[in-house]
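J.: Mind having a look at this structure? Questions to follow.
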C-alpha cells in the first residue's frame, strides 16, 4: 500500500499571497504569519509576491488571475470578514469563500485558505497571532504541503 503525505518543503517554490486590505490590522498580521511560515520552510523571500486587494470580495478574482499566470507553485488567500449589524457579512463571507473554493477546484495550483469569518474583532485577533495561533501561517503551510503532495502524486502517476 502506498501512502502519500505532503511536506511543507518550500525550497525553489514561488508563492503568491493574496490579501485583503479591509480589516488591515488583522490581515497584515495574517500576511506576517504566512511570510514567516514560508521563509522558515525554505521559500526565498524574493520568491513570494504579496498581492493586496481591497476586500474579501475581491480575493477570488485576484487568486484566479494569479493561478492563471502559471508563475506560482501555490497561492495563499488571506482576509478577514467580521460580522456587523447587517446581513452584509453573510453575503461577503459566503461568496468570497465559495469563490475561493471554485478557484481551487478549477486549478491545479494549490490554494491555502486563510479567510477568517469571525463574529467579533476579538475572535479575529485571536486567529491572527493570538490565542488561536496565526491562520496565515496555517494557510501557508497547507499550501506548501499540498504543493509537495501534488508533486508526489505526479511522480507516482509517471511510475
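The values are calculated or read from the model by the stated rules, or taken from the named source; none is laboratory data. Just so it is clear, the structure is predicted and the values come from calculations on it, not from any experiment. Quick reminder, even Gly has a Cβ in these numbers, built from the backbone with ideal geometry, and neighbours come from all protein chains shown.
J.: Does the range 15-42 hold any residues that are part of a loop (DSSP other than H, G, I, E, B) and surrounded by 15 or more Cβ atoms within 10 Å (Cβ to Cβ), and which are they?
T.: Result: 22, 23, 41.
J.: I've got another one for you. Tally time: how many residues in the range 5-48 are within 12 Å of the chain's Cα centre (by Cα) and closer than 20 Å to residue 70 by Cβ?
T.: 5
J.: Kindly indicate whether any position in the range 68-86 is within 30 Å of residue 154 (Cβ to Cβ), modelled with pLDDT of 95 or more and in a helix (DSSP H, G or I).
T.: The answer is yes, given that some residue of the range 68-86 is within 30 Å of residue 154 (Cβ to Cβ), modelled with pLDDT of 95 or more and in a helix (DSSP H, G or I).
J.: Of all residues in the range 121-146, count the ones that are out of contact with any strand residue (DSSP E or B) (no Cβ under 7 Å at 6 or more places or on another chain) and not in a helix (DSSP H, G or I).
T.: Matching residues across the range 121-146 total 5.
J.: Between 155, 89, which is within 26 Å of residue 42 (Cα to Cα) and either at pLDDT 95 or above or part of a helix (DSSP H, G or I) (or both)?
T.: On the way: 89 fails: within 26 Å of residue 42 (Cα to Cα).
Testing whether each residue is within 26 Å of residue 42 (Cα to Cα) and either at pLDDT 95 or above or part of a helix (DSSP H, G or I) (or both) leaves just 155.
J.: Sticking with this one: Conditions first: (1) modelled with pLDDT of 95 or more; (2) out of contact with any helix residue (DSSP H, G or I) (no Cβ under 6 Å at 6 or more places or on another chain). Residue 38 passes all but one, so which condition is the exception?
T.: (2)
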